[in-house]
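The values are calculated or read from the model by the stated rules, or taken from the named source; none is laboratory data. All figures in this text were calculated on a predicted structure; none of them were measured in a lab. FYI the Cβ positions are ideal-geometry reconstructions off the backbone, even for glycines, and counts take in every protein chain you see.
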Amino acid sequence: MIKVNSPLIGDEEVEAVAKVLRSGILAASRYVREFEEEFSRYLGVKHVVTVSNGTIALYALLKALGIGGGDEVIVPDFTFFSTASMVAAVGAKPVFTDIDLSTYTIDPNAVERSVSDRTRAVIAVHLYGHPADMDEVVKVARERGLYVVEDCAQSHGAEYRGVKTGGIGDVGAFSFYATKNLTMGEGGAISTNRDDVAGFVRLFRNHGQTRRYHHEVFGWNFRITEVQAAIGLQQLRRLDYMNERRREVARIYLEELSSVEGIRLPVEKPWAKHVYHQFTIWVEDSSLRGKLAEFLGGRGIQTSVHYPKPLHEQPVFRGYVANPNCCPNSSAAASHVLSLPMHPLLTDEEVVAVARAVKEFFSNPP
Ligand SMILES: Cc1ncc(COP(=O)(O)O)c(C=O)c1O
């Protein structure tokens, strides 16, 4: 079976976890601090604050920015659920906005059209590991006085014009879920140069305590453990290697698949460093997507669809959608995209085998 996704866990992670367990110090302590310092240096930002997961990172940063009832936040329509669900969780309204089909990230022109008097922030998602066109997003946001949030759950180490994602807007949100480019199993963090945002999230993740049993704000327990941080530190130290391997896998796919008719391949814009969280192809004839997935499955090749339903069509968001025709590109993407196996453990032979199976399918489509 060629898996669509797999973490690279080495002896370093195993030994780091054993060391933590033997130390008897399991709750957040020096490894959490070390991870936060090392990741902030890696990103080139002043602060990284870890929290339970990427969903909570979004929730905490929206709270830190003071976003709540009566506010609107612009989100791409084509992304994972929590980018928008956390906007609703703080009491604000997610405004579903269309994407650019060359990168599957938010379309800055559509952002401009989504702005209203109530808009407070725009969340750009660096989907599949390719950065959104941040200069354009930041330009619209600055003209309108909006916060810029980056959802970096899929873009650890990706760069926009030489700057790491998570250090471009006001604040970034990372996920360290099992399938991410950098994993702790579960985990998350915010990245920011703003002392006020980092300070708030530090309080918010720990019951709002400024010192033990002294609670300044309503906080929760959104902390990670030493075990998670120890894994994260080892992952961080091999992140560039793992991303480079993903980029090599992508190069093989791009070479092998360049002449296949019936699909569009992912692009890397000249201003971008893509870290290929996913290698997602566009199947021109959407009626063939399921058949291709089935064909590959029959060859022991897993695939996946990120994402089969645009957010504005999700039942839970029904009450937030003013215009059901808001996002034609997002709707189209949901029925055309298919993600092929992409992770650092893939061998060259496996990648070639996947590509050849795709070629074979399109040489004589059903
Ligand atoms: C774009 C995006 N945002 C947010 C999240 C949420 O992260 P987590 O699963 O750690 O809560 C994910 C995770 O899948 C994601 O892909």
From the option list Leu58, Leu21, single residue qualifying as crowded, with 21+ Cβ neighbours inside 10 Å, part of a helix (DSSP H, G or I) and in contact (Cβ under 8 Å) with a residue 24 or more places away in the chain is Leu58
Of the residues in the stretch 186-197, those that are in a loop (DSSP other than H, G, I, E, B) and away from the ligand (no atom under 16 Å from the Cβ) come to Asn193, Arg194
Of those in the stretch 119-165 that are small (Gly, Ala, Ser) and either assigned by TED's automatic domain parsing to the domain that holds Tyr307 or more than 16 Å from the ligand (Cβ to nearest atom) (or both), the residue surrounded by the most Cβ atoms within 10 Å (Cβ to Cβ) is Ala141
Within the stretch 70-94, restricting to residues that are crowded, with 24+ Cβ neighbours inside 10 Å and without any contact (Cβ under 8 Å) to a residue 40 or more places away in the chain, the one that is nearest to Val148 (Cα to Cα) is Val87
Picked from the stretch 40-68 (must be in contact with a Lys or Arg (Cβ under 6 Å, 6 or more places away or on another chain) and within 16 Å of the ligand (Cβ to nearest atom)), the residue nearest to Trp220 (Cα to Cα) is Val51
| field | Qualifying residue in the stretch 22-39 (condition: over 30 Å from Phe218 (Cα atoms) and either within 14 Å of the ligand (Cβ to nearest atom) or in contact with a Gly (Cβ under 8 Å, 6 or more places away or on another chain) (or both)) | value | no
Q: With the condition kept exactly as written, say whether any residue in the stretch 106-118 is under 17 Å from the mean Cα position of the chain (by Cα) and either without any contact (Cβ under 8 Å) to a residue 40 or more places away in the chain or within 15 Å of the ligand (Cβ to nearest atom) (or both).
A: yes
(message) For the stretch 198-207, check the following and say yes or no: at least one residue is within 16 Å of the ligand (Cβ to nearest atom), out of contact with any Ser or Thr (no Cβ under 9 Å at 6 or more places or on another chain) and either over 21 Å from Arg30 (Cα atoms) or not in a helix (DSSP H, G or I) (or both).
(response) no
